[in-house]
1. Which value, in debye to the nearest 20, describes the size of the charge dipole of the chain about its Cα centre when Lys and Arg Cβ atoms bear +1, Asp and Glu Cβ atoms bear -1, and nothing else is charged?
2. Treat each spin label as a single point 7 Å out from the Cα along the C-beta direction, and report the residue 227 to residue 332 distance in nm.
3. Any idea how far apart residue 292 and residue 61 come out in nm if each label point goes 7 Å out from Cα toward Cβ?
4. Considering the Cα trace of segment 166-325, what is its radius of gyration and what is Dmax, both in angstroms?
5. Between segment 64-111 and segment 1-42, how many Å separate their Cα centres?
6. Among 280, 259, 327, whose Cα projects farthest towards the positive end of the dipole of segment 255-329, with charges put on the beta-carbon of Lys, Arg (+1) and Asp, Glu (-1)?
7. Mind jotting down the distance between the C-alpha centroids of segment 266-319 and segment 136-210, whole Å?
8. List every residue whose amide H lies under 5 Å from the amide H of residue 289, counting only residues 5 or more places away in sequence or on a different chain, with H placed 1.01 Å from N in the peptide plane.
Amino acid sequence: MQALSLQRGPVMVDVAGFSLTDAERTRLSHPLVGGVILFRRNFQNIEQLKALTAEIRRLRSPALLIAVDHEGGRVQRFLEGFTRLPPMSVLGELWQKDEAAACAAAEDVGVVLAVELRACGIDLSFTPVLDLDWGRCAVIGNRAFHREPEVVAELALALQRGLRQGGMATCGKHFPGHGFVAGDSHFLMPQDDRTLSELEADDLIPFARMAAAGMGSVMPAHVVYPAVDDRPAGFSPVWLQDILRGQLGFDGVIFSDDLGMEGAAGAGSFVERAAAALAAGCDMVLVCNQPTRADEVLAGLQVPPQPKLAERLQGMAGAGEVASWQQEIGTAGFAERQRRVLALGMPQNVLQGPAVGEAS
């Protein structure tokens, strides 16, 4: 089958199982689709995963972006045959004992994470979490590196160095910070009443540092910060255009968080949510776990001009050939990195906190 020559569009969708159905091939060939997000339900084993990503890539040229939430801890979609990655809080705890060792470990985690995914044909993991651990948000919890913004920034920069070595760009989330609110935006609309000055003094610091260091993409939070704007950050041109693009100088991709989350419901129907997110400044919107809603968006969405979309999305495509990353996994150097990552250990509370992002 000859690949369809078609630029990537601004919608990311998902698929149901271990291989594509005819309906999914049709959906993924729609001009508005630009990427696919995979979940645990899409993983049976490594060979099946490689076959699935190859099948997706054969559909179009340039190939659709293939992404996954693969942070470590309780948010690691693929387990069997992959290195079990610790939650990022483990790196923050190591920082308290040895800052240099923590940065080295974060770089190792980034390399292992990226190489194992790139070897399976995946372009991007939506990582790192840049939210601060305020000790009050269960859905973030041990996904966060640390409470202190400068520590989060240093560990995220080290992780980014590792990801780049493994052929993968970064996605900092959840801008401008989800860690202060107690609520889970999968199920409600959290509100953070702090002022912009308070946010700039804490939660925005890792995003600013990472933006200056060439972070590839950002995912905004479905959280309202009424002292700044009465719209959730992912639907706010104030947050996305004035602050993220303007003040922080960020020029990578802005991915919406899943439009099916309750934190997005205030923007209206799924078509209205997608239109509002793109109008606010998102480059690509995610519609997860609801294929009929994805089809509604593809049928009804009027896309605003996006002159930088193709260039920005190309920046998120994985670097290097899949076969080369498969060879890298067999090297002694990679095995040593795996050993060091596994030696970080896994806390007893690794699965503590709400499940994130999987269909119920």
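The values are calculated or read from the model by the stated rules, or taken from the named source; none is laboratory data. These numbers come from a predicted model, not from an experiment. Every residue, glycine among them, receives a Cβ derived from its backbone with ideal geometry; neighbour counts consider all protein chains shown. Surface accessibility is based on the protein's heavy atoms, side chains included, excluding ligands, DNA and RNA. Shrake-Rupley method; radii C 1.70, N 1.55, O 1.52, S 1.80 Å.
1. Numbers: 31 positive and 43 negative charges, 196 e Å.
Here the chain has a charge dipole of around 940 debye.
2. 5.6
3. Between residue 292 and residue 61, the simple spin-label model gives 3.8 nm.
4. When restricted to Cα atoms, segment 166-325 yields Rg and Dmax of 15.7, 50 Å.
5. Computed from Cα coordinates, the inter-centre distance equals 28 Å.
6. 280
7. What the calculation gives is 23 Å, centre to centre.
8. 14
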